[in-house]
Amino acid sequence: FGLVALEAAACGTAVVASNVGGLRDNVADGITGLLVNERDPELFAAAVDQLLDDSEMRCEMGRQGALRASLNSWDLGAANAIEVFGRLTSKELVSCA
């Protein structure tokens with residue numbers, strides 16, 4: 001799901017994360033943080049170094065991340081899930097006989 005990345009962003013922290021699953025959904029590469037190929041520690045370390053060396057980029061990514069995180073909430077997530085479940089269950093079932 002990428003909840004830890006979303007929580008970090010909500011605190012104004014630029015995020016470095018692997019480019020997989022929920023992390024990809026919650027980190028906008030180059031905007032709210034940096035995504036790196038999974039299982040590549042050298043690229044991960046380089047991304048961390050990049051943020052440590054560029055305070056302007058780090059702070060801007062932190063601001064953008066906090067803004068993006070503020071658009072998410074448990075209530076919104078629940079409402080979206082209910083909408084999807086409603087669409088999935090509103091179809092009329094047909095007989096297989």
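The values are calculated or read from the model by the stated rules, or taken from the named source; none is laboratory data. Since this is a predicted model, take the numbers as computed values, not measurements. Glycine gets a Cβ as well: all are built from the backbone with ideal geometry, and neighbour counts include every protein chain shown.
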Determine, yes or no, whether residue 18 is surrounded by 12 or more Cβ atoms within 10 Å (Cβ to Cβ), over 20 Å from residue 71 (Cα atoms), out of contact with any Ser or Thr (no Cβ under 6 Å at 6 or more places or on another chain) and among the small types (Gly, Ala, Ser). yes
Taking the stated definitions as given, is residue 47 modelled with pLDDT of 95 or more, out of contact with any Cys (no Cβ under 7 Å at 6 or more places or on another chain), more than 12 Å from residue 68 (Cβ to Cβ) and surrounded by 15 or more Cβ atoms within 10 Å (Cβ to Cβ)? yes
Residue ID - farthest from residue 26 (Cα to Cα), chosen from residues in region 67-97 that are basic (Lys, Arg) and exposed (fewer than 10 other Cβ atoms within 10 Å of the Cβ): 91
Take the residues in region 21-40 that are surrounded by fewer than 13 Cβ atoms within 10 Å (Cβ to Cβ) and modelled with pLDDT under 95, then tell me which one is nearest to residue 74 (Cα to Cα). 25
For region 27-73, how many residues meet the condition of being among the basic types (Lys, Arg) and without any contact (Cβ under 8 Å) to a residue 24 or more places away in the chain? 1
Residues in region 50-59 that are surrounded by 14 or more Cβ atoms within 10 Å (Cβ to Cβ) and more than 16 Å from residue 5 (Cα to Cα): how many? 2
Restricting attention to region 1-23, and to residues there that are out of contact with any helix residue (DSSP H, G or I) (no Cβ under 6 Å at 6 or more places or on another chain) and not in a helix (DSSP H, G or I), which single residue is farthest from residue 62 (Cα to Cα)? 20
